[in-house]
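Worksheet for the structure shown next.
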Amino acid sequence: MSPRIVVVGIGADGMAGLAQTSRDELVSATTVYGSKRQLDLLDDTVTAQRVEFPSPMLPDLEIALRQATGTVHVVASGDPMMHGIGATLVRLFGAAAVTVLPHVSCVTLACARLGWSVPDTEVISVVTRAPHLAVRRGGRAIVLSRNSSTPAELARLLLETDRGDSRLSVLEQLGGPRERRRDGIARDWAANPPDDVDALNVIAVEYLPDDRMLQTLPDDALAHDGQLTKQPMRAVTLAALAPRPGALLWDVGAGSGSIAVEWCRSGSGCAAVAFERDEQRRARIAANARAFGVDIDVRGSAPECFDGASVPDVVFIGGGVTQPDLVERCFERLPAGGRLVANAVTAESEMVLMQWNTRITGELRRYQHYRGEPLGGFTGWRPAMPVTQWIVVKP
């Protein structure tokens, strides 16, 4: 039987900022879990046993809570349901077993200080994720920091990805007696970062220049050596891949990673694993991932590097279709209901897809597009290479 868990959000102002309901819960508690910083905010009216979160926190915390009896209390920073332990405990124990008493979130406090509308502001957590995932091509965001070095790391990434003019506001100890705000420009932070940033901070970013694009990216927006799926074909390929929120793509023979980048840009939580044998191209894929703030795990050649990669929801084969057993190895890695899309530009690779479609009936498509180019004083049509595409869903 699961214990009753009460999660109490607490701010940098400690017990003084708590609502009476939250205060009463903590005063009546027998055991309180939390990080050292949060436990240190409790005053002497809380007589419960104080237990620091284990490191790493999961799965040891889950085991400890499942073994507990009665009511267990957890203190968390701000709103526990905003990138916090509250959502994790609800996922593990169910909503009926977890009561959450939120405090004002750091996001709400930051937006209040800046005069920003909360619904119009993206929230990005890099507490447990790579800092480059907070890079954007425009707009505003509140970035939840991992530690005191995160603002300088993000500033350097913004400078490297041509966002050096972005405006930063680093807000420390929000809502507490030691609250501090410092404003600056990304390139200045990158060149001369302060050495006294508090570990408890969030970064408000206005990304400049703002060149956000909701459509498929033009080819010159991506670093490449000519080996990339061109924009028109990328658009129809993305439609065939049919991304869904939180889905994982394997981009096999990724080249510049253009398909992986578009996949990750397409929806919330979409991530990709890119397999590419060429070292220089792997470096370009990583650079494109940083430039667009997307989650791409870059690996070596396929299928040799398949082991250890998370199970894909969708596989795209953009190169190497004629490699022996590659299509089969990709197909066997898909779960039931998973989708495979392969593009072929040579007669030999097209033949492989034709043979596979005979074995497992999917959908074959063939694309040919033309571009208008000057021809003397007139305009002529120059054809691109035709592309054969095979789409199949694993039964």
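What the table shows:
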read-out	value
Solvent-accessible heavy-atom area per residue, rounded to whole Å², over the range 336-377 at 1.4 Å	67
Rounded to 10°, Cα long-axis angle of helix 279-292 versus longest principal axis of the chain	50
Taking the convex hull of Cα positions in the range 75-178, its mean projected area over all directions (nm²)	7.7
Cα shape, the range 1-102, gyration tensor, a/c 1.5 rule	rounded
Share of carbon and sulfur in the accessible heavy-atom surface of the range 247-313 [1.4 Å probe, %]	39
Within the range 164-227, trypsin sites (Lys or Arg not before Pro) in DSSP loop having at most 12 other beta-carbon neighbours inside 10 Å	178, 212
Potential extension, residue 62-residue 180 segment - 0.36 nm per residue separation minus Cα distance	38.9 nm
Among 361, 345, 319 - extreme Cα towards positive end, dipole of the chain, charges at beta-carbon	361
Extension reserve of the residue 220-residue 368 stretch, reckoned as 0.36 nm per residue once the Cα distance is removed	51.2 nm
Protein-only accessible surface order, largest first, of 385, 15 at 1.4 Å	385, 15
Residue among 16, 239, 53 farthest towards the positive dipole end of the chain, charges placed on Cβ	239
Neighbour-limited loop hits for trypsin sites (Lys or Arg not before Pro), the range 1-57 (at most 11 other Cβ within 10 Å; DSSP other than H, G, I, E, B)	none
Accessible area of the range 31-132 divided out per residue, in Å², using a probe of 1.4 angstrom	51
Fully extended contour minus Cα-Cα distance, from residue 167 to residue 147, at 0.36 nm per residue	5.2 nm
Label selected from (1) -0.23, -0.32, -0.41, -0.52; (2) -0.29, -0.39, -0.51, -0.64; (3) -0.33, -0.44, -0.56, -0.68, the criterion being log10 I(q)/I(0) by the Debye sum over Cα atoms at q = 0.06, 0.07, 0.08, 0.09 Å⁻¹ as computed here	(3)
Size of electric dipole in the chain: Cβ of Lys, Arg +1 and of Asp, Glu -1, about Cα centre, debye, nearest 20	700
DSSP beta bridge pairing in the chain, given as percent antiparallel to the nearest 5	50
Other-chain or far-sequence residues with amide H under 5 Å of residue 9's (modelled H)	76, 101, 103
Farthest toward positive dipole pole in the range 92-182 [+1 Lys/Arg, -1 Asp/Glu at C-beta], among 173, 109, 97	173
Charge dipole (debye, nearest 20) of the range 1-63; +1 at Cβ of Lys and Arg, -1 at Cβ of Asp and Glu	60
Accessible surface of the range 6-71 [probe 1.4 Å, protein heavy atoms]: carbon and sulfur percent	51
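The values are calculated or read from the model by the stated rules, or taken from the named source; none is laboratory data. The shown structure was predicted, so the numbers you read here are calculated from the model rather than taken from an experiment. As a convention, Cβ positions derive from the backbone with ideal geometry for all residues, glycine included, and neighbour counts pool all protein chains shown. For the accessible areas, the whole protein counts, side chains as well, though only heavy atoms, and no ligand, DNA or RNA atoms are used. Shrake-Rupley method; radii C 1.70, N 1.55, O 1.52, S 1.80 Å.
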